[in-house]
1. Of all DSSP beta bridges located in segment 12-164, what percent are antiparallel, nearest 5?
2. Obtain the nm distance between the two label points defined at His34 and Ala126 by a simple spin-label model: each point lies 7 Å from its Cα along the Cα-to-C-beta direction.
3. Highest mean first, how do 210-216, 109-115 rank when packing is the count of other Cβ atoms within 10 Å averaged over residues?
4. Quick check: the distance between the Cα centres of segment 47-75 and segment 140-216, to the nearest angstrom?
5. Among the helices of the chain (complete DSSP H runs), which have Cα atoms covering no less than 18 Å along the helix axis and a Kyte-Doolittle mean of at least 0.0?
6. Can you give me the accessible area per residue for segment 131-253, using a 1.4 Å probe, in Å²?
7. What nm value, rounded to one decimal, do you get for the distance between Phe219 and His80 when each label is placed 7 Å out toward the C-beta?
8. Cross-link partners among aspartates and glutamates for Lys100, C-alpha distance below 14 Å, same-chain residues fewer than 8 apart left out?
Amino acid sequence: MTNTDKLGGRFTFPGTSLTVHRMGYGAMQLAGPHVWGPPRDPEAAAAVLREAISIGIDHFDTSEAYGPHVTNQLIRATLHPYPRNVVIVSKLGGRRGADKSWLPALSPAEIRSDLQDNLRHLGLDALDVVNLRMMSMTPTEGPLDKELAVLIELKREGLIRHIGLSNVTARQVEQAQALTEIVCVQNHYNLAHRGDDALIDALAKQGIAYVPFFPLGGFTPLQSSTLSEVANDLDATPMQVALAWLLHRAPNILLIPGTSSVAHLRENVAAASLVLPAKSIAALDGIAR
């Protein structure tokens with residue numbers, strides 16, 4: 001029997017019936033090198049997804065841009081029909097260029113086409129949560145009402161159940177909330193990259209999920225002597241400590257660390273059971289200062 005307490009507890013997206021464990025899974029690394037093309041070992045990639053379900057993970061984050069299309073097709077081939085408790089979150093607003101670049105795709109036609117691709121490749125009639133993904137390298141102030149209006153219309157049509165935002169500023173979150181209910185925000189945040197501290201606290205007060213991407217540093221893994229020292233003291237890996245710190249940071253933080261390895265998946269999940277002493281938390285909090 002799965003001990004679900006080892007997945008960081010549970011969180012319900014505001015205004016919804018969607019409840020997930022705080023330790024989820026991000027599918028980006030299931031694609032080939034540079035998030036392009038098929039995985040080197042398709043069976044190993046499928047094994048990761050099966051293991052995630054076996055462990056009790058019920059929050060899967062994906063995108064049509066991963067591959068492109070590869071991860072969604074693999075998720076469907078491996079997990080469909082999905083267990084009733086599984087929540088699949090995807091992103092709209094980006095596409096891949098032929099040179100493997102990441103490009104904005106935020107026109108109404110592009111957003112609608114992206115959604116239809118998600119539904120077809122995942123084998124779904126509607127997506128549980130869709131994040132409007134703004135595609136600048138860092139969050140940049142500016143209106144998003146036109147793009148958001150398309151998602152609102154798709155929600156009215158029953159193709160999207162709930163709406164989130166990704167790569168946005170605090171002001172843009174407020175602007176979006178004036179137009180529709182926002183259930184989650186997915187931004188770049190980790191132990192060393194803490195520009196969203198105030199936003200996380202504000203969302204926590206509203207019960208809105210904050211889902212950090214690159215929780216372990218992304219393409220450049222976190223490196224810190226303090227992190228290594230704390231990990232050594234706790235007989236854990238630095239990455240486990242970094243994930244445990246995020247779960248401690250705020251109750252509305254949901255984790256979606258990605259991996260293409262079953263062993264690494266188990267290692268990530270074990271981080272949810274790691275207890276950080278007050279002394280360790282103080283040391284880790286000081287990394288970004």
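The values are calculated or read from the model by the stated rules, or taken from the named source; none is laboratory data. Computed from a prediction, not measured in an experiment: that's the story for all the values here. Every residue, glycine as well, gets a Cβ built from its backbone with ideal geometry; the counts of neighbours run over all protein chains shown. Protein only, heavy atoms only, side chains kept; ligands, DNA and RNA dropped before computing areas. Shrake-Rupley method; radii C 1.70, N 1.55, O 1.52, S 1.80 Å.
1. About 20 percent, rounded to the nearest 5.
2. 3.9
3. 210-216, 109-115
4. So the separation of the two Cα centres works out to 22 Å.
5. 42-55
6. On the way: 5520 Å² over 123 residues.
I get 45 Å² per residue for this part.
7. 3.0
8. Reachable aspartates and glutamates: Glu64.
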